[in-house]
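The values are calculated or read from the model by the stated rules, or taken from the named source; none is laboratory data. Here the structure is a predicted model, which means the values were calculated and not measured. Positions of Cβ are backbone-derived with ideal geometry, glycine not excepted, and every protein chain shown enters the neighbour counts.
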Amino acid sequence: MTRQLIATAWSSAGDTSPMRAPATSPVPIADRVAAIADAGFDGMGLIADDLVAIRDDIGFAALRDLIADAGLVHVEIELLERWWIPRGEAGHTYDVRDLLFDAAEVLRPEMIKIGSENGPPTSDPTALAGPLHDLADQAVDHGTRVAIETMPFSAIATVPMGAEIVRATGHPAAGLLVDAWHVFRADTTLAELRACLTPEMIFGVELDDAAAHVVGTLFEDTVENRLLCGEGSFDLVGLVATLRDVGFDGPWGVEILAAGYRTLPVDQALTLAAESALTVL
């Protein structure tokens with residue numbers, strides 16, 4: 001069984017948060033890459049704000065070389081929201097789309113993670129299939145794929161809803177990112193996961209944990225209160241077993257977002273995150 005790990009963007013970002021704008025990591029990118037490799041990870045993720053800072057400093061080619069020299073073999077970048085809004089219309093995100101695709105040309109990420117937008121679940125998920133197909137075509141042109149990360153506080157709220165959109169899209173470069181937090185906080189059962197997923201649509205999985213009860217809003221809980229794998233209430237062993245049965249076997253992302261975690265030295269935080277995920281796997 002595969003035990004390769006990816007340090008997703010927030011796990012290595014240090015003292016920053018999705019609640020900050022910009023949310024750029026204060027950790028120098030060379031130090032960050034080295035800490036990820038030293039903690040035993042096989043890959044890494046970066047958010048758009050980090051990519052802007054890196055582009056304007058050392059450039060994407062130098063980042064690619066840092067990653068390769070550290071022995072990391074998996075790269076993922078994020079997060080594109082409101083991708084169905086045409087360029088130039090109110091709320092469009094083509095500035096982020098263009099940035100992520102420019103980075104993908106050089107970094108060759110295995111996927112670009114895409115979300116939706118905060119708010120109530122969409123009443124017509126399959127209406128997003130056409131825009132997703134177009135986005136997937138563009139991703140292929142830039143050497144990558146796109147993966148929907150469903151979030152219970154967003155328009156694409158559950159993994160079954162995301163799977164419905166991916167099936168309707170019917171594009172090999174459009175798939176899903178399955179995050180344990182978003183699975184269990186959406187009250188999606190393992191049986192429902194097994195019923196809706198197929199091997200080819202699972203582009204990635206992220207492991208994390210949380211207490212039994214939400215603190216604050218769902219958004220506040222997801223960015224402030226996550227726990228290391230195995231320290232909370234989630235059935236992570238069952239989740240991993242279910243996803244393996246469906247046909248996914250890594251690499252496994254580790255995404256720890258928590259007020260206390262982000263204040264730790266990055267090398268220490270990453271070691272804790274990796275060790276906790278390996279215990280579950």
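Touching a helix residue (DSSP H, G or I) at 6+ places or on another chain (Cβ under 9 Å), of a type in the set (A, V, I, L, M, F, W, C) and under 25 Å from Val223 (Cα atoms): is that true of Ile77 in this structure? Spell out the reasoning first.
Details: touching a helix residue (DSSP H, G or I) at 6+ places or on another chain (Cβ under 9 Å): yes; of a type in the set (A, V, I, L, M, F, W, C): yes; under 25 Å from Val223 (Cα atoms): yes.
Yes.
Residues considered: Met111, Met151. Of these, the only one that is modelled with pLDDT of 95 or more, farther than 25 Å from Glu220 by Cβ and of a type in the set (A, V, I, L, M) is Met111.
Just wondering, is there one or more residues in the stretch 118-136 that are buried (at least 21 other Cβ atoms within 10 Å of the Cβ) and either charged (D, E, K, R) or under 24 Å from Ala53 (Cα atoms) (or both)? No, every residue in the stretch 118-136 fails to be buried (at least 21 other Cβ atoms within 10 Å of the Cβ) and either charged (D, E, K, R) or under 24 Å from Ala53 (Cα atoms) (or both).
Annotation note: Cβ proximity below 6 Å between a residue of the stretch 177-200 that is farther than 18 Å from Asp249 by Cα and a residue that is part of a helix (DSSP H, G or I) (sequence gap 6+ or interchain) occurs for Trp181/Thr222; Thr188/Val159; Glu192/Pro160. Tell me which residues, restricted to the stretch 1-29, are buried (at least 24 other Cβ atoms within 10 Å of the Cβ) and either among the aliphatic types (A, V, I, L, M) or farther than 28 Å from Gly216 by Cα (or both). Within the stretch 1-29, Leu5, Ile6, Ala7, Ala9, Ala13 qualify. Every listed requirement among (1) more than 17 Å from Thr150 (Cα to Cα); (2) surrounded by fewer than 20 Cβ atoms within 10 Å (Cβ to Cβ) is met by Arg97 save one, (2). Does Val52 meet the test of being surrounded by 16 or more Cβ atoms within 10 Å (Cβ to Cβ) and either within 14 Å of Thr144 (Cα to Cα) or of a type in the set (A, V, I, L, M) (or both)? Judged against the criteria, Val52 is a match.
In this structure, does Ala70 turn out to be farther than 19 Å from Thr144 by Cα and surrounded by 15 or more Cβ atoms within 10 Å (Cβ to Cβ)? Step through it out loud before you land on a result.
Numbers: farther than 19 Å from Thr144 by Cα: yes; surrounded by 15 or more Cβ atoms within 10 Å (Cβ to Cβ): yes.
Spelling it out, Ala70 is indeed farther than 19 Å from Thr144 by Cα and surrounded by 15 or more Cβ atoms within 10 Å (Cβ to Cβ).
As a summary of the residue check, Val140 satisfies the conditions (1) among the β-branched types (Val, Ile, Thr); (2) crowded, with 22+ Cβ neighbours inside 10 Å; (3) assigned to a helix (DSSP H, G or I) except for the one numbered (2). Given the structure, is Ala241 exposed (fewer than 15 other Cβ atoms within 10 Å of the Cβ) and outside any loop (DSSP other than H, G, I, E, B)? It is true that Ala241 is exposed (fewer than 15 other Cβ atoms within 10 Å of the Cβ) and outside any loop (DSSP other than H, G, I, E, B). Among the residues of this structure, Arg32 does not count as one that is surrounded by fewer than 17 Cβ atoms within 10 Å (Cβ to Cβ), closer than 20 Å to Ala103 by Cα and among the charged types (D, E, K, R).
Taking the criterion of being touching a helix residue (DSSP H, G or I) at 6+ places or on another chain (Cβ under 9 Å), among the aliphatic types (A, V, I, L, M), within 15 Å of Ile156 (Cα to Cα) and not in a helix (DSSP H, G or I), would at least one residue in the stretch 193-214 satisfy it? Within the stretch 193-214, none of the residues are touching a helix residue (DSSP H, G or I) at 6+ places or on another chain (Cβ under 9 Å), among the aliphatic types (A, V, I, L, M), within 15 Å of Ile156 (Cα to Cα) and not in a helix (DSSP H, G or I). Scanning the stretch 147-192 for residues that are crowded, with 19+ Cβ neighbours inside 10 Å, among the small types (Gly, Ala, Ser) and assigned to a helix (DSSP H, G or I) turns up Gly162, Ala163, Ala180. Between Asp98, Asp102, Asp65, Asp31, the distinction of being over 16 Å from the mean Cα position of the chain (by Cα), in a helix (DSSP H, G or I), closer than 23 Å to Thr169 by Cα and modelled with pLDDT of 95 or more belongs to Asp98 only. Within the stretch 48-83, the set of residues being of a type in the set (Val, Ile, Thr) and more than 22 Å from Ile114 (Cα to Cα) comprises Ile58, Ile67.
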